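J.: Okay, here's the structure, questions in a sec.
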Amino acid sequence: MEKKTKIFNQAIEYTACYRNIRYPRLEFKTGRLVVIMPKGQKNENDIIEKHKRWIFKKNALIHKAIKDTGNIKRCPVKSIDEFKSYISKLVKKYGIQNGTNGKIDKIYFREMKSKWGSLSSNRNLTINTLARRLPEYLINYIVFHEMTHLLEKRHNERYWSLIKKEYKQPSKYESDLLKYWFIINN
């Protein structure tokens, strides 16, 4: 059910859902706030209040990205075979570059609803097939981003310093990925 909250005098719509989880969490799914609560816990206002600064900043970032999508051109779409081949070459390249020799167990390709890629603890790389609609510089960034998780699992200071060795301004790439997310998913 759609609800609204005011954060710093700005009305923000959200959906609350209840699952078999231990701790509540907040997510933005395709630009909309989702408050995920443990079953039996009914007051989502506490988590919203606790994280209102994060919600406000994330919401502003998303609205700016949506506004900026008008300045982005659509790219030619790679065929799925061409895309898979390109990803395999990047995995090899970045594996050699970061000293892990691309120790990826398997590469999976599937359409994902909330991210461009992921790396499991079993070293399985999953790439969102929607990424084949991105320009190559962003595909490269996604693979490098995921391959860096072979060296550091969390998005902490060490992780971002490793990213900055190849991409001096990762926030620019993250911003562009967010813009393309809204272009591709509309």
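Every number here is computed from the coordinates shown, using simple stated rules; none is lab data. Everything quoted here is computed from the prediction, not taken from an experiment. With ideal geometry, Cβ positions are generated from the backbone for all residues, glycine too; neighbour counts draw on all protein chains shown.
J.: Counting alpha carbon pairs within less than 8 Å and at least 6 residues apart, what relative contact order, in whole percent, applies to the chain? Can you show the working numbers first?
T.: On the way: 222 pairs, mean separation 29.7, N = 186.
After rounding, I find 16 percent.
J.: Using only alpha carbon pairs under 8 Å that are at least six residues apart, calculate the relative contact order of the stretch 28-124 and give it in whole percent. Don't jump to the answer; show the numbers that get you there.
T.: Details: 31 pairs, mean separation 19.0, N = 97.
Computed over the stretch 28-124, the figure is 20 percent.
J.: Then there's this: For labels at H51 and K73 in the simple 7 Å Cα→Cβ model, what's the distance in nm?
T.: It works out to 3.8 nm between the two label points.
J.: What is the calculated FRET efficiency for E166 to N43, with r their C-beta to C-beta distance and R₀ = 41 Å, to the nearest 0.05?
T.: Values: r = 44 Å, r/R0 = 1.08.
Rounded to the nearest 0.05, the efficiency is 0.40.
J.: Tell me the angle of helix 136-148 to the major Cα principal axis of the chain, expressed in degrees between 0 and 90 and rounded to the nearest ten.
T.: Helix 136-148 sits roughly 80 degrees off the main axis of the chain.
J.: Can you list residues whose amide H is under 5 Å from G117's amide H, if they're 5+ apart or on another chain and H is modeled 1.01 Å from N?
T.: N128
J.: Amide H neighbours of Q41 under 5 Å, at least 5 residues apart or on other chains, H built in the peptide plane: list them.
T.: Residues meeting the criterion, in which the H sits 1.01 Å from N, do not exist here.
J.: How far, in nm, would the chain grow between R110 and N124 when pulled straight, counting 0.36 nm per residue and subtracting the alpha carbon separation? It would help to have the intermediate numbers written out before the result.
T.: Details: separation 14, 0.36 × 14 = 5.04 nm, distance 1.27 nm.
Taking 0.36 nm per residue and subtracting the Cα distance, the gain is 3.8 nm.
J.: Kindly give the semi-axes, whole Å and largest first, of the ellipsoid equivalent to the chain, taking each as the square root of 5 times a Cα gyration tensor eigenvalue. Please list the in-between numbers first.
T.: Working: eigenvalues 200, 79, 53 Å².
For the chain, the semi-axes come out at 32, 20, 16 Å.
J.: Take the Cβ-Cβ distance between N9 and H155 as r, set R0 to 35 Å, and report the resulting FRET efficiency rounded to the nearest 0.05. Numbers along the way, then the final one.
T.: Numbers: r = 30 Å, r/R0 = 0.87.
Once the sixth-power term is evaluated, E becomes 0.70.
J.: At 222 nm, what helix-only mean residue ellipticity would the chain give, in deg cm²/dmol to the nearest 500, using -39500 (n - 2.57) for each DSSP H run of four or more? Before the final figure, lay out the partial values.
T.: Numbers: 6 runs with 79 residues, N = 186.
Rounded to the nearest 500, the figure is -13500 deg cm²/dmol.
J.: Shifting gears a bit: Dividing the Cα convex hull volume of the stretch 80-184 by residue count, how many Å³ per residue is that? Let's see the in-between values first.
T.: Numbers: hull volume 10.0 nm³, N = 105.
Cα convex hull per residue, to the nearest whole number: 95 Å³.
J.: Would you mind working out the magnitude of the charge dipole of the stretch 2-71 relative to its Cα centre, with +1 at each Lys and Arg C-beta and -1 at each Asp and Glu C-beta, to the nearest 20 Debye?
T.: Working: 17 positive and 7 negative charges, 28 e Å.
Roughly 140 debye, rounded to the nearest 20.
J.: Select from I66, I21, I36 the residue whose mean-square fluctuation is largest in a Gaussian network model of the chain (Cα-Cα springs shorter than 10 Å).
T.: Of the options given, I21 has the highest mean-square fluctuation.
J.: Which number gives the lysine pairs in the stretch 13-78 that have C-alpha atoms under 20 Å apart and are eight or more places apart or on different chains?
T.: 14
J.: Okay, next question. Dipole magnitude of the stretch 80-184 about its Cα centre, charges +1 at Lys/Arg Cβ and -1 at Asp/Glu Cβ only, in debye to the nearest 20? List each step's numbers first, then the result.
T.: Working: 20 positive and 11 negative charges, 32 e Å.
Magnitude of the dipole: close to 160 debye.
J.: To two decimal places, what compactness ratio does the stretch 2-71 give when its Cα radius of gyration is scaled by 2.2 N^0.38 Å? Don't skip to the end; give the middle numbers.
T.: Details: Rg = 12.9 Å, N = 70, 2.2 N^0.38 = 11.1 Å.
Here the answer is 1.16, to two decimals.
J.: Then there is this: Amide H to amide H, which residues 5 or more places from Y14 or on other chains are under 5 Å from it, using H placed in the peptide plane?
T.: Amide H neighbours of Y14: K3, K4, T5.
J.: Per the Kirkwood formula on distinct C-alpha pairs, the Rh of the stretch 76-129 is how many angstrom? Intermediate values should be presented prior to the final figure.
T.: Working: mean 1/r = 0.0852 Å⁻¹.
Over the stretch 76-129, the inverse of the mean reciprocal pair distance is 11.7 Å.
J.: So, one more: Among R22, R74, R154, whose mean-square fluctuation peaks in a Gaussian network model of the chain (Cα, cutoff 10 Å)?
T.: R22
J.: Of the residues Q169, Q97, Q41, which exhibits the maximal mean-square fluctuation in a Gaussian network model of the chain defined by a 10 Å Cα contact cut-off?
T.: Greatest mean-square fluctuation among the candidates belongs to Q41.
J.: Picking from I12, I87, L151, whose Cα lies most toward the positive end of the charge dipole for the chain (charges on Cβ: Lys, Arg +1; Asp, Glu -1)?
T.: It is I12.
J.: Counting pairs of alpha carbon atoms under 8 Å apart in space and at least six apart in sequence, what relative contact order in percent does the stretch 80-184 give? Let's see the in-between values first.
T.: On the way: 109 pairs, mean separation 23.1, N = 105.
Answer for the stretch 80-184 is 22 percent.
J.: Using the Cα centre of the chain as the reference point, and only Cβ charges (+1 on K/R, -1 on D/E), how large is the resulting charge dipole? Debye, rounded to the nearest 20.
T.: Details: 40 positive and 18 negative charges, 40 e Å.
The dipole of the chain has a size of about 200 debye.
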